[in-house]
Amino acid sequence: MKLKKPIWIVTIVIVLAGAAWFFLLRRSGDELARLRNLGPLNVILITVDTLRADRIRCYGYEGVETPTMDMFAARGVRFERCVAQTPLTLPSHTSLLTGTFPTFHGVRDNGGFLVPPQLETMAESFKKAGYDTSAFVASYVLDSKWGLNQGFDTYFDRFDLSKYKTISLGNVQRRGDEVIDETLAWLDQHKAGPFFSWIHLYDPHTPYEPPPPFDTRYSNRPYVGEIAYTDSQLARLWLYLESQGLVENTVLVFTSDHGESLGEHQESTHGFFIYQEGIHVPLIIVTPVEKYRGHTNGSVVTLVDIMPTVLEMAGLPLPDQLQGRSLLPLMTGEKKFEDSFAYAETYYPRFHYGWSELKSVQDRRFKLIIAPDLELYDLDNDPDEMSNLVVSMPQETRRLMEWANSFLEESGQNALEMDYSKMDEESRQKLAALGYIGTFTDASSLQGRRLGDPKEKIVVFNQLSEAKEMGLQGETEEALQLIDRIIADDPDIIDAYFMKGNLYFKDNRFQEALDTFRIVLDKKPDDDFTAINIANSHIRLGQLDEAESFLTDFVRTVPPDSQIYLILGNISYIQREFDEAEKHYLKCIELNPASASAFTALGGIYVITERLDEAKSLLDKALASNPSLPNLHYNFAQLWEAKNDPAAAEKEYRVELENVPHNFRASFNLSRLCRLQNRTDEEQAFLEQTVESNPRFPMPYLYLARIYLNRSENYQEAVDLVLKGIELKPEEKDLPLGYFLLADLYNRLGNQVKSEEFAVKGKELVDKLRSKGQAG
């Protein structure tokens with residue numbers, strides 16, 4: 001969507017200057033056109049997460065070695081004043097990759113939003129032009145499930161939350177060397193081009209843990225150490241491009257999604273405020289064009305400008321949606337945008353705490369932050385934003401406020417809205433457990449109220465962040481005490497209750513978790529994500545009937561939600577009420593025809609009920625949608641076992657464990673398949689993995705003891721294993737194995753009394769089971 005000219009351009013336009021501008025643009029584009037005539041230009045987009053501009057040497061910081069980034073600046077055009085549209089990873093990348101503002105694309109936070117499929121991403125523009133497209137992302141915040149994978153042939157994410165013992169959305173990540181390894185492998189297969197590749201590096205994000213030698217070289221400044229490490233990985237990429245002769249036909253764009261506060265304005269990281277340390281980011285464009293080398297431009301530009309710039313350089317058509325403008329006229333360093341304005345926002349304080357959102361507009365000198373108490377800063381004379389000039393400069397305040405109001409109205413026309421039904425239920429349930437989506441404060445409850453000013457709430461925010469970190473470090477009691485103090489001061493912070501409920505849940509204090517989540521539901525009665533956590537608490541308490549009753553009542557009060565029916569189906573499945581489970585899963589599919597979770601679960605039921613062809617059809621659908629979904633390959637394995645194909649079953653169990661290493665049933669079933677083929681060492685390894693994944697599951701203890709017995713070794717350890725397994729209360733049909741193992745083991749230990757005792761117990765139980773028709 002194009003914005004109207006008054007928003008971007010001063011009222012008086014000097015015609016002569018415009019003509020000179022056109023001539024410059026035409027002249028500067030000639031060299032690019034000549035290059036394109038030799039073949040399409042490749043494009044590499046690099047985004048380094050959480051990289052503030054003023055911590056790079058080529059941006060004036062002398063306390064770090066960044067030779068690769070500095071080389072980019074020497075070979076390209078460095079923009080001094082690039083502003084990110086929000087200090088949050090997903091919405092900022094959405095602006096960058098779609099050329100639209102958050103006011104239009106609607107992605108306002110990490111985790112709780114999906115990129116609208118109606119938007120044309122940069123990757124889709126290149127794909128339509130015949131390019132090979134790829135993305136390599138380093139954080140779960142950018143997992144393909146959020147929608148930024150639109151248009152990418154390859155999207156390297158492969159994040160699995162089940163691999164993490166303690167998780168928050170931001171700490172599921174991978175190091176830069178792994179991202180670059182994957183990138184180079186892909187480039188090696190596609191270097192003939194043309195290609196568009198997006199490389200996302202996450203290392204400067206918390207936790208700051210640079211690897212050697214950067215950890216010791218920057219021991220007192222680990223954030224800077226992460227930047228230096230990132231630069232070393234970019235050097236690997238550049239060396240590859242040079243060695244393959246790709247530098248001369250490739251455009252490289254280097255930037256960041258947002259900065260990092262590092263304690264300034266009392267904010268330790270990012271997302272809460274929109275001061276410059278959080279939104280001033282580097283932007284360097286490197287091209288094969290000689291006249292575009294070594295220039296610096298001081299115009300205020302934005303991440304939204306990158307997509308139209310890159311598409312114009314590649315000679316591709318510009319989608320109508322674009323709200324940025326091409327920076328190509330600025331690339332020689334001879335011109336500036338005299339009418340430059342930049343917009344930024346953060347809705348994080350509002351969505352999570354019920355405080356006011358923040359919005360800002362800035363030109364080359366002044367910046368207005370729109371908050372309950374306005375803030376105006378002179379960035380030339382007060383770059384640290386310490387002196388609020390609202391009172392002393394009312395005319396400047398009014399000017400920027402008028403521009404902001406005009407921009408918000410214009411850029412938000414025909415804005416897109418969020419549709420959660422497109423998100424798979426598995427992802428939504430994980431987000432609810434993480435405290436995302438469901439914690440968004442009810443907007444209706446804030447109507448007519450003066451919302452808290454974030455700068456007055458920063459101490460509380462820091463306390464919540466501290467409590468969250470305590471929880472991740474296992475300091476549950478300390479975290480709970482701090483949250484209680486926060487709630488006492490501000491009882492309207494739903495995130496505090498959610499965090500408290502999650503802490504109880506992770507600590508296996510399910511009743512207290514249930515009580516806390518009910519408080520959240522009282523504050524927001526229609527929140528289905530809170531209902532998910534209430535139901536899960538009931539389930540973990542063994543209160544399946546209560547969970548079912550609660551959800552059945554809840555579903556009558558809210559619009560139909562596929563997630564609720566998925567959980568109802570899971571409850572019926574646990575109760576082995578397969579007909580009821582089938583009804584719920586089919587309702588889930590009716591509401592969300594693309595539900596991979598429901599396909600997987602229903603396919604599992606059809607395996608159990610021996611409807612094998614229907615099962616395979618459903619599992620194939622799930623596979624096409626989400627090949628790493630938990631239990632998908634487990635159910636495939638069960639299907640192949642039912643079809644008497646143990647080799648295919650084993651393969652699927654192994655894939656399941658690759659995707660979900662803690663799936664104890666997969667590892668246990670693999671031990672059984674190995675046992676049937678006399679592969680005892682492998683059987684033992686899978687049994688030990690099962691114990692590690694689920695120490696409360698009794699059966700692996702019995703079979704480990706059986707291995708020791710058959711090897712005539714470790715008899716006493718084997719006895720202890722059997723007794724542990726029996727203590728964990730296996731199903732009655734499995735108890736005879738334990739008794740007979742003890743009988744044999746005590747016999748070998750020379751304790752005939754106990755041997756006879758357990759032999760009798762085993763025989764009596766077998767007779768009992770036979771009389772009930774249950775003996776195997």
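The values are calculated or read from the model by the stated rules, or taken from the named source; none is laboratory data. Computed from a predicted structure; not experimentally measured. Because the Cβ atoms are built from the backbone with ideal geometry, glycine has one as well, and the counts that use them run over all protein chains shown. These area figures cover heavy atoms from the full protein model, side chains too; ligands, DNA and RNA do not enter into them. Shrake-Rupley method; radii C 1.70, N 1.55, O 1.52, S 1.80 Å.
Scanning the range 126-156 for residues that are among the small types (Gly, Ala, Ser) and touching a helix residue (DSSP H, G or I) at 6+ places or on another chain (Cβ under 6 Å) yields Ser134, Ala138, Gly151.
The residues of the range 192-201 that are at pLDDT 95 or above and either part of a loop (DSSP other than H, G, I, E, B) or surrounded by fewer than 18 Cβ atoms within 10 Å (Cβ to Cβ) (or both) amount to a single one, Pro194. Only residues that are modelled with pLDDT of 95 or more and within 27 Å of the chain's Cα centre (by Cα) were counted across the range 637-662, and they come to 6.
If you go through the range 105-134 and keep only what is open to solvent by less than 20 Å² (accessible area, probe 1.4 Å), in contact with a Gly (Cβ under 9 Å, 6 or more places away or on another chain) and not in a loop (DSSP other than H, G, I, E, B), you end up with Met122, Ala123, Ser125, Phe126, Thr133.
Of the residues Thr516, Thr530, the single one that is crowded, with 21+ Cβ neighbours inside 10 Å, more than 24 Å from the chain's Cα centre (by Cα) and either modelled with pLDDT of 95 or more or of a type outside the set (D, E, K, R) (or both) is Thr516. Of all residues in the range 341-363, those satisfying the criterion of being surrounded by 19 or more Cβ atoms within 10 Å (Cβ to Cβ) and under 30 Å from Val286 (Cβ atoms) are Ala342, Tyr343, Ala344, Glu345, Ser360, Val361, Gln362, Asp363. Can you name the residue in the range 389-432 that is within 21 Å of the chain's Cα centre (by Cα) and among the acidic types (Asp, Glu) and is also modelled with the highest pLDDT among such residues? Filtering the range 389-432 for residues that are within 21 Å of the chain's Cα centre (by Cα) and among the acidic types (Asp, Glu), the one modelled with the highest pLDDT comes out as Glu417.
Each residue in the range 533-554 was checked for being touching a helix residue (DSSP H, G or I) at 6+ places or on another chain (Cβ under 8 Å) and surrounded by fewer than 18 Cβ atoms within 10 Å (Cβ to Cβ), and 5 pass. Cβ-Cβ under 9 Å, sequence separation 6+ or interchain: first residue in the range 302-321 and closer than 19 Å to Phe101 by Cβ, partner basic (Lys, Arg) and part of a helix (DSSP H, G or I). Which pairs? Correct list of pairs: empty, since none qualify.
Looking only at the range 219-247, which residues are assigned to a loop (DSSP other than H, G, I, E, B) and either surrounded by fewer than 17 Cβ atoms within 10 Å (Cβ to Cβ) or within 24 Å of the chain's Cα centre (by Cα) (or both)? The answer is Ser219, Asn220, Gln244, Gly245. What number of residues in the range 567-610 are closer than 19 Å to Leu544 by Cβ, open to solvent by 10 Å² or more (accessible area, probe 1.4 Å) and aliphatic (A, V, I, L, M)? Of the residues in that region, 3 qualify. Pairing residues of the range 706-723 that are crowded, with 19+ Cβ neighbours inside 10 Å with residues that are outside any helix (DSSP H, G or I), at Cβ distances under 8 Å and at least 6 apart in sequence or on separate chains, gives Tyr708/Asn714; Val719/Leu749.
Using the structure shown, decide if Thr269 is open to solvent by 10 Å² or more (accessible area, probe 1.4 Å), in a strand (DSSP E or B), more than 22 Å from Asp181 (Cβ to Cβ) and touching a helix residue (DSSP H, G or I) at 6+ places or on another chain (Cβ under 9 Å). No, not satisfied. Taking the criterion of being in contact (Cβ under 8 Å) with a residue 24 or more places away in the chain, within 16 Å of Val722 (Cα to Cα), among the hydrophobic types (A, V, I, L, M, F, W, C) and crowded, with 18+ Cβ neighbours inside 10 Å, the residues of the range 736-776 that qualify are Leu737, Leu741, Leu745. Restricted to strands (runs of 3 or more DSSP E) entirely inside the range 356-418, no element has at least 3 residues that are farther than 19 Å from Ser340 by Cα.
Looking across the range 464-485, the residues that are at pLDDT below 90 and open to solvent by 10 Å² or more (accessible area, probe 1.4 Å) come down to Ser465, Glu466, Lys468, Glu469, Met470, Gly471, Leu472, Gln473, Gly474.
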